[in-house]
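Enquirer: Before I ask anything, here is the structure I am working with.
Computed from the coordinates by the stated procedures, all read-outs in this text should not be read as laboratory data. Because the structure is predicted, anything quoted here is derived from the model rather than measured. Using ideal geometry, Cβ is built from the backbone for each residue, glycine included, and neighbour counts are taken over all protein chains shown.
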Amino acid sequence: MYLVNLSQDQSSHNTYISNTLLKEIEVTLKENKKVILYLNRRWEFSSLICQSCQYLYKCVHCDVSLNVHRYPAKLLCHICSFEKNIPMKCEKCGQKNIKNVWIWTQQIEAFFHWYLPKTVRIFRFDTDVVKNKTEKKQALEKLQNADIIIGTKMITTWFNFKNIWLIWTILLEQELQIPAYNTKEKVYSNIKQLIGRWSRNGEKTKIIIQTFIPKNEIITSIVDDNYKDFFKQSLAERKLFNYPPFTEMLTLEYRHTNKDKAQAFMKQLNNKLSLENTSWNITIQEVPNYHKRYNQYYYKIIIKWTELRAFLGCIKYEIMRNKNLSVIFDW
């Protein structure tokens, strides 16, 4: 497995595509072999990185990366809603070499359709193209015939390909923006699953990770296959921020097409939980900022304690009767 530092190796055509990648693709296609370009996320999150010292901006409360919001311009944590202004220079090294990192599968597909000859068969494999099992089966023929496959995590499940010569992870740090306490574990697992799928086929496949932060601890753990240190560090962070397995945790998520109704329901639910909590001393955290998907507004409350099932009895009516309220447990 190899690392490519994007801060030092950017093509003149696209800042997220290295010269090394373009050369490797050219060689692979001449050998009539297949290329997989793996992007951890379809499009959702952007992050802020210092290209001089590789500092990645994180939330001070949750140990997850902050996301860049343009309007209004700020850095925001999607778990606890902590926010700060977007800095003009790096708070760690003082340099002004800060980059907003954001790339998606459609952008990669469009670039290679433009850059490569029309005879090269390119297929994008994500939830925009393949939405259900029927479409997955229909995609099999296209995947088998493609020269270049651009895919997300879906590419690691269901299908076994032959003749894979090059697997290239475009931007590993983009998945680190997912607002969840176990994001690092999922990143590690996804990459290992990606590698393992073709290792099991017995094919000699070149695997390369392209990143702006090659010295990041999780990236070095993956490259060095050092799960022991990764596990110890992850466990220490979970204990520090009181995450499972050191506590029980659940998310109450409510969705509604009317923003005001969604907000009012969650405010009422939070008040009821807080009133009940006077004798329990449970950590209850309302996330005031909503996110919108498919014309529905989502609000959530995060709760941490040691015996949450007993505590949830105080809102069992809301849980049982309201189909728009989801309870997501995480032990």
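Enquirer: List the lysines whose Cα lies under 21 Å from the Cα of Lys30, skipping any in the same chain that are fewer than 8 positions away.
Expert: Once the sequence-local lysines are set aside, what remains near Lys30 is Lys118, Lys142, Lys162, Lys204, Lys206.
Enquirer: Among all cysteines in the chain, which have no other cysteine Cβ under 4.7 Å from their own Cβ?
Expert: Here Cys80, Cys314 come out as lacking a disulfide-compatible partner, given the Cβ-Cβ threshold of under 4.7 Å.
Enquirer: Per-residue counts of other Cβ atoms within 10 Å, averaged by peptide: what ranking do you get for 180-190, 111-121, 237-247, highest first?
Expert: Top of the packing list down: 180-190, 237-247, 111-121.
Enquirer: How tilted is helix 227-240 with respect to the longest principal axis of the chain? Cα atoms for both, answer in degrees (0 to 90, nearest 10).
Expert: Taking Cα atoms only, the helix is inclined about 20 degrees.
Enquirer: Percent relative contact order of the stretch 248-330, based on C-alpha pairs within less than 8 angstrom and at least six residues apart?
Expert: 49
Enquirer: Under 8 Å for C-alpha pairs, at least 6 residues apart: give me the relative contact order for the chain, rounded to a whole percent.
Expert: Numbers: 545 pairs, mean separation 64.4, N = 331.
19 percent.
Enquirer: If we count other beta carbons within 10 Å of each Cβ, what is the order of Met320, Met266, fewest first?
Expert: Numbers: Met320 9, Met266 24.
In order of increasing Cβ crowding within 10 Å: Met320, Met266.
Enquirer: So what's the net charge close to Asn14: Lys and Arg +1, Asp and Glu -1, counting the other residues with Cβ under 14 Å from its Cβ?
Expert: Computed value for this residue: -1.
Enquirer: Mind checking the angle between helix 183-199 and the chain's longest principal axis? C-alpha axes, 0 to 90 degrees, to the nearest 10.
Expert: Once rounded, the angle reads 30 degrees.
Enquirer: Cross-link partners among lysines for Lys58, C-alpha distance below 19 Å, same-chain residues fewer than 8 apart left out?
Expert: Straight-line reach from Lys58, under 19 Å: Lys74, Lys84, Lys89, Lys92, Lys96, Lys99, Lys184, Lys186, Lys215, Lys239.
Enquirer: Still on this structure, I have one more. Regarding the stretch 248-330, what is the average projected area of its C-alpha convex hull, in nm²?
Expert: 5.1
Enquirer: Could you give the size of the charge dipole of the chain about its Cα centre, using +1 on the Cβ of each K and R and -1 on the Cβ of each D and E, expressed in debye and rounded to the nearest 20?
Expert: Here the chain has a charge dipole of around 640 debye.
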